[in-house]
Amino acid sequence: MRKATIKDVAKHAGVSTATVSYVLNGVEGKVSQETVEKIYKAIKELNYIQNFSAVSLVKKKSRLLGVIIPQTEDCKQLLLENPFYSEMISGIELKAREMGYHIILSGVDKGQSYLDVSVQRDLDGAIIMGIYQERFYEELKNVKIPIVLVDSYIHDKYFYKVGIDDEFGGYLATRHLIRNGHKKIALVTGSIRKDGVVEKRFLGYKKALREAGLFYNPDDVFENSVTYQHGLKIGRFLSETPRNITAVFATADLIALGVIRGMIETGKRVPEDYSVIGFDDIPISRIFIPSLTTIKQDIGDKGAKAAALLIQAIEEKTLSEPTREVLLTLDVIERQTVKNISIKD
């Protein structure tokens, strides 16, 4: 069956193709409301689908946003294996769709350039997650499209930014454990890289210990990857190796859930034997048994705000200084994995 064309719509509605084009391109002020209604009725009856490639050529816009997730650790992961990214991308995609845009999702292996992904796809703009201060980010300035960095500590006014205060989040998590009577607190974390999200949460952990007058012991820091498997391994290790540790701050919920599972598998109980707090509040943390106490950031809203900021930058060309960066709030969500050991049973 032949696809309907703009000429078919015009003939069916009894108007010129130019009039149909005005309506399809949002220039309805030149057309009467009665004619607009006739055109939309014709479109529906003919099941006409607009050719977005042709529209993008006319408008010189693809209405495509790139969402780029760099692989920043040596541990290879499937792109959406981490539910944090799934929720973030859902927020981006929904907001983009609401505003008339679509997304292209791409992973970039550690050590590879982001430049090809941005240029070859003819993007109107890009959202890049977790990029570090490294040589590749300088290349992005040559792309000449708006770019929003999510969870990045690159201080460069060329880019727009959406994020949280990760150091404050690490501080909140550790302080919550301290306020519940814990003095020997392990940190289970991904790779600690300078000016990265993990390093900021690590600094928050150290700050809370220092403020409480507690000793920081590097041997209580277990650094590897942001994976369930890393948490599982350390959970088993802590259960089987007496170290006087009573609590764990995991810098991501995915790690925290692994820690809890590892402890349970080796006969320990959470929170009776060990308290655990995570970071992010991914959906599974709410339904996991025991449900996870964590630092909540609104991941879906973070994605939506990144998409809205990018589209605003695309359509308005430049944004004022105060609107170039969005900082989301953090909260401690108390559930079932932290016990107050200063209270006698």
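Bear in mind that the values in this text are calculations on the coordinates, not laboratory data. Only a predicted model underlies this, so the values are computations on that prediction, with no experimental measurement involved. We place every Cβ from the backbone using ideal geometry, glycine too, and count neighbours over all the protein chains shown.
Restriction of the chymotrypsin sites (Phe, Trp or Tyr not before Pro) in region 122-227 to DSSP coil positions whose beta-carbon has at most 15 other beta-carbons within 10 angstrom yields Tyr158, Phe215, Tyr216. Around the amide H of Ile185, modelled in the peptide plane, lies no amide H under 5 Å away from a residue 5 or more places distant or on another chain. Length gained on full extension, Lys157 to Glu37, computed as 0.36 nm times the residue gap minus the Cα-Cα distance: 38.6 nm. Close amide H contacts of Lys161 (hydrogens built in the peptide plane, cut-off under 5 Å, sequence separation of 5 or more or a different chain): Leu149, Glu325, Val326. Close amide H partners of Ala4, meaning residues 5 or more places away or on another chain with modelled amide H under 5 Å apart, are Ile49. Output the pairs from Lys161/Lys206; Lys184/Lys296; Lys194/Lys339; Lys183/Lys305; Lys206/Lys296 with a Cα-Cα distance over 29 Å in this structure; if there are none, say none. With Cα atoms farther than 29 Å apart: Lys194/Lys339; Lys183/Lys305. Phi angles across region 7-24 convert, under the Karplus curve 6.51 cos²θ - 1.76 cosθ + 1.60 with θ = phi - 60°, into 3J(HN,Hα) values of 5, 5, 5, 4, 5, 5, 8, x, 10, 7, 5, 4, 5, 4, 4, 4, 5, 5 Hz, Gly and Pro given as x. Computed over region 166-297, the range of Cα coordinates on each principal axis works out to 33, 30, 25 Å, biggest value leading.
Taking the number of Cβ atoms within 10 Å of each Cβ as an exposure proxy, the fewest-first ranking of Arg175, Arg269 is Arg269, Arg175.
DSSP assigns beta bridges within region 214-335; of those with both partners inside it, close to 30 percent run antiparallel. Measuring nothing but how far apart in sequence close Cα pairs (under 8 Å, 6+ apart) lie, relative to its length, region 166-297 scores a relative contact order of 26 percent. Remark: spin-label model distance Glu325-Tyr216 equals 2.3 nm, labels positioned 7 Å along the Cα→Cβ axis.
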